[in-house]
Amino acid sequence: MPRFHCPTPLQTGEVIALPAGAARHVQVLRMQPGGAITLFGGAERGGEFEAKIEHMGRSEVRVLVGAHFAVEREPTRQVHLVVGVPANDRMDWLVEKATELGVASIQPVMTERSVLRLNGERADRKRAHWQAVAVAACEQCGRNQLPVVHEVLTLNAWLAAQKTNSESLRYLLSLRPETKALNTLVGTSAAATATAVTFLSGPEGGLSVAEEDAALAKGFQPVSLGNRVLRAETAGLAALALFTA
Ligand code: SAM
């Protein structure tokens, strides 16, 4: 059944007009009155609602909101990605896959070696675009909780805002030699009992030594994903998958 994100408050028995994005999507699917859909994101209580199309107008689509189901398809712990933004449309791909894998939030960061330089309005537009990518991925994969795509920051600014003693486990995805393999840590009690884990990864050119040292000084532990060099958009996903499976 097609699923649509509907950020307006939903109440069983009400007839509402779908937000423009969802209405357009219903029209593109050439759905008809009587068609059944699922709506999510409209209630503080989470979960999803079944709904039925009542009226298909040129631009407006009205639906009758049906029963609420308190169902969530979230990982058992929150996993956050702090990502040196990869260039081109690879960040779109990373946001989509990370959403499917259950990421709780994505913090795009500009680093010394970032190829893609974003700031001001362009950064805001990019963030809004990536948040829309996450919404579409939730519609597809069945998640009712949207991951948050934060505003673009420099890595230094983001690190400066972090407390050193965080309750979140913090791992720096690092290519430094002699770095402990992440997959040996998944089963440890620290990892098993952590309610939140944060991974930091670099852009195509990696993080500078100073950036890695600054992360370590904030309590990040260096971890390896093996002896192959993963692309900037692959590394965070590999770590995420290990901790949300
Ligand atoms: N030439 C860059 C360097 O030497 O750092 C390669 C950077 S890699 C394309 C992008 C990011 O992915 C790295 O900064 C690191 O965070 C992560 N990464 C890639 N392969 C990894 C691995 N095997 N273990 C841990 N992190 C990895």
Under 25 Å from the Cα of Lys218 - lysines, other chains or at least 8 residues apart: Lys163, Lys180
Percent antiparallel among DSSP beta bridges (both partners in the chain, rounded to 5): 35
Computed magnitude of the charge dipole of segment 177-234 (debye, nearest 20; Cβ of K, R +1, Cβ of D, E -1): 200
Gain upon complete extension [Leu230, Val115; 0.36 nm per residue less C-alpha separation]: 39.7 nm
Set of aspartates and glutamates with alpha-carbon distance to Lys52 below 13 Å, sequence-local pairs under 8 removed: Glu14
All lysines inside 18 Å of Lys97 as judged from Cα atoms, apart from same-chain residues fewer than 8 positions distant: Lys126
Cβ-Cβ FRET estimate between Glu151 and Asp92, R0 fixed at 25 Å, reported to 0.05: 0.90
Burial ordering of Trp158, Trp93, fewest other beta-carbon atoms within 10 Å first: Trp93, Trp158
Rounded D (µm²/s) - the chain, Kirkwood Rh over Cα pairs, Stokes-Einstein at 10 °C, 1.306 mPa s: 82
Centroid-to-centroid separation of segment 160-192 and segment 103-147 [C-alpha atoms, Å]: 23
Net charge dipole size for the chain [Lys, Arg +1 and Asp, Glu -1 on Cβ; Debye, nearest 20]: 240
For peptides 205-215, 79-89, sequence by mean Cβ density within 10 Å, most packed first: 79-89, 205-215
222 nm mean residue ellipticity, helices alone, for the chain (DSSP H n ≥ 4; -39,500 (n - 2.57); rounded to 500): -9000 deg cm²/dmol
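No value in this document is a laboratory result; all are computed from the given coordinates. Note that the coordinates shown come from a computational prediction; the quantities given were computed from them, not determined experimentally. We place every Cβ from the backbone using ideal geometry, glycine too, and count neighbours over all the protein chains shown.
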